[in-house]
Structure formats: structure tokens, C-alpha cells
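Chemist: There's a structure below that I have some questions on.
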Amino acid sequence: MLTTALAFVLALGLLIAVHEYGHYRVAVACGVKVLRFSVGFGKPIFTWRRKGSPTEFVIGALPLGGYVRMLDEREAPVDPLERHLAFNNQSLRKRAAIVAAGPVANLLLAVLLYAGVFWAGVDEPQPILGTPVAGSPAQRAGLQAGDRVLQMAATGEEGSPVASFDDLRWRLTQAALDGQDVTLWVSAGDGDVGRPMTMRLSELDAREADATLFKRIGLLGPYTAPVIGQVMPDGAAAAAGLQQGDRVRRIDGHEVRDGQALRESIRAAVGPAGAPVTQHWDIERAGQAVALTVVPRPEPLGQAWVGRISAYVGEAPAMTTVRYGLLDGLWQATVKTGEVSWLTLKMMGRMLIGEASIKNLSGPLTIADYAGKSATLGLSAYIMFLALISVSLGVLNLLPLPVLDGGHLMYYLWEAVTGRRVSDVWMERLQRGGFMILMLLMSVALFNDVARLAG
């Protein structure tokens, strides 16, 4: 809980500070007097002012936002000698640049964060497939456990190398949400150069980028050997005589190809009304064949029953280090930021027209939960999480909603086209309407958070 709280506060503090610094830095460069730079709202808990600077720097008690307060005649009387320093008296180009600088700063931060991870290198599972889900596009394409994906191409694209299973997952997610079929060039590990296989993802009608999407695609995770890990005392595995390091070859005469198939077989070993089911396992232990009788213990899971053996099932997947050079890493980071930005915009657009579920909206509780989980996985995972949230913050603030930066840019677009500023009356109406829409979206996001965490 403490890790989650600290990771969440650190993430919000960094992303808000960078966003507001973008506004601040460009405002100063444009000759605007900045009165206050605040990270957080509410009562100030820390305040300082640099010598010779007109700006008061503040950390507020509520770390859920921030602001840059500039000299502005619309907010308070301005000394005639300082009218040229007021925001409202700047040219259209300068005002637009100041407003756009916040979201742009978040997108640039995402590029740097992704680049840092790509430069340092990150360990990811190799693109070797586990057992496809029965009846899924992956199984219908002919994919099998142990297949290594060499290249991938969506409809109308040329094949490009697949660096890791995470890379494959990301690209399949994009293709599924776009309704595109994909071709995978796979190798069974016998030295062949790869045979093409087509997955009909257009049949999925994917609307949500959630955990169920990959189950529908049919690829739940990378290949893991069907090996038993740590065995818990007093569990079904211990009672059957299973030991750590046992490799499962067959269950009830059926070959077990990988850890995913082994887990599914165990989970399915439940009879009517949760009755236990006896399984006959053929295992390999220290080079010797051993036959065991295993009776997974039924446990309730929602409205159903699943079998459990109280042991870790499946060896860790084979890993690969994905690392790029200086320029290539920066380019890959830029491409990644662009892809995430575009996917975010597409999902928002699809939610707006009803083609995607509003369950995709996430609020502070989900962000806090993911912050804590990513922090426990290591620095690289946490930095990738920060980059993702930074992109989301940048894109969100560019939306044409009156209370957001994008809304103000829309005002400036109107001014550029008509030569007239939006009137104060209309400005107030639009701000009020935008605030109501934003509150509605936040309420939906918070509801989704509670539903996810409760589930």
C-alpha cells in the first residue's frame, strides 16, 4: 500500500510539474510575467521564490493538478507599466504557443522516458508462443506452442521484425482495434526461415483494449515449459507426490505442450457442482519417467469452479534484452510515443461514437494501482508506466474541451479564422459546459476504477 501511494504521488508530481513547466518556460520566453507556478492545489505546504524572480513557486496540499498563474487583465487590474507583460496582450501566436507548451512537454517527456529505457535495455519475453486458445484466430491460423514469431505485418503493410513478446502484444492490440488481419512469419525452431500464417483479427470486432482481448485473439502469454515450480505443503500437488522441477509430459494420455496448456488442464479438472476429478500424469523427473495420480482441489471463482494444485505451474519464459543505440533509440521512442498517442485518440473517438466501451476510461484509483504494480516490477517497468501516463496526459489536454488546453487552442483557432476573440459571455458559457463534461467523464472513470478494483 505504501509503495502504491509513493509511486502514485511521484508519478503525478513529475507529470504535473513537467506539464506546468512547459507553460511556464514558454511564457517566460514570450515575455509574459508569471506570478505563480504551483504543483498541486489547495493550501501551500512549501513556497519559495528565486532571487530577482517575480514567480512564486508552490507545492500544494492536493497533488491532483497544478497551474501557472500569469499576469492577465481579465483576472485582476494590471499596472499600466506592465501591460505589455500581461498574457492577454500577447500576440495570437504567443498565446497559442504558451497554451500548447504544457501538453507538448508531456509528449516530449514520454519520448525521453521511452528513449531512456530503450538505451539502457529492457528484458522482455522472447516472441515464442504458448498454446493458442481453442477456437481463437490464433489457433485457426495454425499457430502452435513453441512457435517463434520472426516478423509481423498488418493488412497493407510490409513485414517487420518482432523484437519480443511484448512488442508482438502491442502490435496485435493495434491491429485488433483497427479491425485488421495480420500475417505472422513463424519458425518452429528447426532453422527454417519462417512460414507465413494469417490471423483474421477483423472477425473479432474488438472494442476494448483489456485483458479479454488477448484471450479472444488466442495468445495469452509467451511460451513456458510445462515444469512444476515450488510446491506448497498440504496442497494437491504435495499430496500427489509432485516435486519442484518435474516436467509434465502427458495428462490422461494427452500431450502437454507448455505451461499454459498445463494450467488450463488443471483448472478444467472439476466435475459437476465442483466435484473433484482425478487425473493421470506422466512426468519426467531427473531423466526418469514417473506416473502419478493428481486430484486438483476445486475452488470457487465467481460463479464457476476451477481446479488448483497449490504449486507454481510453468517455467519462467525465455527472455531477451531489447536495446537500441543513441539515435535509433530516440527514433523508436518517438515512434512509440506517436503510436500510443494515436491509439489513445482512436479509442477516445470510438468511445465518443459508441464503437468502444466507456469501460476503457480509467481514473486516479486505477492509475495508482498500476503505479504500485509497475514500481514493484522494477525501474524499467515504472518508467514505461510514467511514459504511458505522460502521453495520456498530453493527449487528454489537447482535446477541444473548453476547460482544457485544447479548448483554449480552439478559441485561438476561431480568432485566427474570424479575426475576433471569443466574447467573455461565450467564454464563460463554454467553460461552464466544458467543466460539466469533464466532471461527467471523471465520474465515469471513477466508477470504472471502483468496478475494476472490486472485481
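Chemist: Within the bounds of region 238-245, is there any residue that is of a type in the set (Gly, Ala, Ser), touching a residue at least 24 places away in the same chain (Cβ under 8 Å), in contact with a Ser or Thr (Cβ under 9 Å, 6 or more places away or on another chain) and within 25 Å of Leu219 (Cβ to Cβ)?
Modeler: Scanning region 238-245, I find no residue that is of a type in the set (Gly, Ala, Ser), touching a residue at least 24 places away in the same chain (Cβ under 8 Å), in contact with a Ser or Thr (Cβ under 9 Å, 6 or more places away or on another chain) and within 25 Å of Leu219 (Cβ to Cβ), so the answer is no.
Chemist: Of the conditions (1) assigned to a strand (DSSP E or B); (2) within 24 Å of the chain's Cα centre (by Cα); (3) closer than 20 Å to Gly22 by Cβ, Val58 clears all except one; give me its number.
Modeler: (2)
Chemist: Now for a different question. Would you please list the contacts, defined by Cβ atoms under 7 Å and residues six or more apart or on different chains, that run from a residue in region 22-40 that is farther than 10 Å from Ala97 by Cβ to a residue that is aromatic (Phe, Trp, Tyr) and assigned to a helix (DSSP H, G or I)?
Modeler: Close Cβ pairs (under 7 Å, with a partner that is aromatic (Phe, Trp, Tyr) and assigned to a helix (DSSP H, G or I)) amount to Val32/Phe87; Val34/Tyr24; Phe37/Tyr24.
Chemist: I'm checking my understanding of the structure. Among residues of region 326-349 that are among the β-branched types (Val, Ile, Thr) and out of contact with any Phe, Trp or Tyr (no Cβ under 7 Å at 6 or more places or on another chain), which one is least open to solvent (accessible area, probe 1.4 Å)? Don't jump to the end; show me each part of the working.
Modeler: Applying the first criterion (among the β-branched types (Val, Ile, Thr)) to region 326-349 yields 334-335, 337, 340, 344.
From what is left, the residues that are out of contact with any Phe, Trp or Tyr (no Cβ under 7 Å at 6 or more places or on another chain) are 334-335, 340, 344.
Numbers: Thr334: 61, Val335: 46, Val340: 6, Thr344: 29 Å².
Going through the qualifying residues, I end up with Val340.
Chemist: Please verify whether Tyr67 is outside any loop (DSSP other than H, G, I, E, B), aromatic (Phe, Trp, Tyr) and buried (at least 21 other Cβ atoms within 10 Å of the Cβ), treating the condition exactly as stated. Don't jump to the end; show me each part of the working.
Modeler: Working: outside any loop (DSSP other than H, G, I, E, B): yes; aromatic (Phe, Trp, Tyr): yes; buried (at least 21 other Cβ atoms within 10 Å of the Cβ): no.
Against the criterion (outside any loop (DSSP other than H, G, I, E, B), aromatic (Phe, Trp, Tyr) and buried (at least 21 other Cβ atoms within 10 Å of the Cβ)), Tyr67 does not qualify.
Chemist: Residues of region 74-101 being more than 38 Å from the chain's Cα centre (by Cα), among the charged types (D, E, K, R) and modelled with pLDDT of 90 or more, which ones?
Modeler: Asp79, Glu82, Arg83
Chemist: Can I ask one more? Determine, yes or no, whether Lys51 is more than 30 Å from Phe385 (Cα to Cα) and part of a helix (DSSP H, G or I).
Modeler: On the way: more than 30 Å from Phe385 (Cα to Cα): yes; part of a helix (DSSP H, G or I): no.
Judged against the criteria, Lys51 is not a match.
Chemist: Where residues in region 27-49 are touching a helix residue (DSSP H, G or I) at 6+ places or on another chain (Cβ under 9 Å) and under 12 Å from Arg69 (Cβ atoms), which of them is most open to solvent (accessible area, probe 1.4 Å)?
Modeler: Initially, region 27-49 is screened for residues touching a helix residue (DSSP H, G or I) at 6+ places or on another chain (Cβ under 9 Å), giving 27, 29-34, 37-40.
Okay, now just the ones that are also under 12 Å from Arg69 (Cβ atoms), so 27, 32-34, 37-38.
On the way: Ala27: 0, Val32: 9, Lys33: 47, Val34: 2, Phe37: 19, Ser38: 2 Å².
Selected residue: Lys33.
Chemist: Quick one: which of Arg263, Arg250, Arg257 is in contact (Cβ under 8 Å) with a residue 24 or more places away in the chain and assigned to a strand (DSSP E or B)? First the steps, then the outcome.
Modeler: Details: Arg263 fails: assigned to a strand (DSSP E or B); Arg257 fails: assigned to a strand (DSSP E or B).
After applying the criteria, what remains is Arg250.
Chemist: Name, by its number, the condition in (1) in a loop (DSSP other than H, G, I, E, B); (2) farther than 30 Å from Ser380 by Cβ that does not hold for Glu299.
Modeler: It fails just one condition, (1).
Chemist: Now for a different question. Can you list the helices (runs of 4 or more DSSP H) found entirely within region 113-231 that contain at least 3 residues being open to solvent by 10 Å² or more (accessible area, probe 1.4 Å)? Show your work before the answer.
Modeler: On the way: elements: 137-140, 165-178, 211-217.
Fully inside region 113-231 and qualifying: 165-178, 211-217.
Chemist: Okay, moving on. Checking the conditions here, which among Leu112, Leu143 is of a type in the set (A, V, I, L, M, F, W, C), under 22 Å from Ser380 (Cβ atoms), in contact (Cβ under 8 Å) with a residue 24 or more places away in the chain and out of contact with any helix residue (DSSP H, G or I) (no Cβ under 7 Å at 6 or more places or on another chain)?
Modeler: On the way: Leu143 fails: under 22 Å from Ser380 (Cβ atoms).
Leu112 is the lone residue from the list that is of a type in the set (A, V, I, L, M, F, W, C), under 22 Å from Ser380 (Cβ atoms), in contact (Cβ under 8 Å) with a residue 24 or more places away in the chain and out of contact with any helix residue (DSSP H, G or I) (no Cβ under 7 Å at 6 or more places or on another chain).
Per-residue answers, yes or no, for (1) farther than 26 Å from Gly13 by Cβ; (2) hydrophobic (A, V, I, L, M, F, W, C):
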site: Glu56; (1), (2): no, no
site: Leu62; (1), (2): no, yes
site: Arg69; (1), (2): no, no
site: Glu73; (1), (2): yes, no
site: Pro77; (1), (2): yes, no
site: Gln90; (1), (2): yes, no
site: Arg93; (1), (2): yes, no
site: Pro103; (1), (2): no, no
site: Leu112; (1), (2): no, yes
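Chemist: Right, another one. Identify, please: which residue in region 397-423 is without any contact (Cβ under 8 Å) to a residue 24 or more places away in the chain and not in a loop (DSSP other than H, G, I, E, B) and is, among those, farthest from the chain's Cα centre (by Cα)? I'd like the intermediate steps shown before the answer.
Modeler: Let us first name the residues in region 397-423 that are without any contact (Cβ under 8 Å) to a residue 24 or more places away in the chain, namely 400, 410-411, 413-414, 417-423.
If we keep only those that are not in a loop (DSSP other than H, G, I, E, B) too, we end up with 410-411, 413-414, 417-418.
Details: Met410: 28, Tyr411: 32, Leu413: 32, Trp414: 35, Val417: 38, Thr418: 40 Å.
By that ranking, first place goes to Thr418.
Chemist: Ok, one more. How many residues does region 7-48 contain that are of a type in the set (D, E, K, R), out of contact with any Ser or Thr (no Cβ under 9 Å at 6 or more places or on another chain) and within 14 Å of Ala105 (Cα to Cα)?
Modeler: Keep residues of region 7-48 that are of a type in the set (D, E, K, R), which gives 20, 25, 33, 36, 43.
Within this subset, residues satisfying the condition of being out of contact with any Ser or Thr (no Cβ under 9 Å at 6 or more places or on another chain) are 25, 43.
Subsequent filtering for residues that are within 14 Å of Ala105 (Cα to Cα) retains 25.
Of the residues in region 7-48, 1 are of a type in the set (D, E, K, R), out of contact with any Ser or Thr (no Cβ under 9 Å at 6 or more places or on another chain) and within 14 Å of Ala105 (Cα to Cα).
Chemist: Let me ask you something else. Could you list, in sequence order, all residues of region 1-26 that are within 16 Å of Ala387 (Cα to Cα) and open to solvent by 70 Å² or more (accessible area, probe 1.4 Å)? Reasoning before the result, please.
Modeler: Quick first cut of region 1-26, residues within 16 Å of Ala387 (Cα to Cα) only: 7-19.
Val9, Leu10 - these are the residues of region 1-26 that are within 16 Å of Ala387 (Cα to Cα) and open to solvent by 70 Å² or more (accessible area, probe 1.4 Å).
Chemist: Would you tally the residues in region 305-325 being under 28 Å from Gly235 (Cβ atoms), open to solvent by 30 Å² or more (accessible area, probe 1.4 Å) and assigned to a strand (DSSP E or B)?
Modeler: Here the count works out to 3.
The values are calculated or read from the model by the stated rules, or taken from the named source; none is laboratory data. Quantities reported herein were computed from a predicted structural model and do not represent experimental measurements. Because the Cβ atoms are built from the backbone with ideal geometry, glycine has one as well, and the counts that use them run over all protein chains shown. Heavy atoms of the whole protein, side chains included, go into the accessibility calculation; ligands, DNA and RNA do not. Shrake-Rupley method; radii C 1.70, N 1.55, O 1.52, S 1.80 Å.
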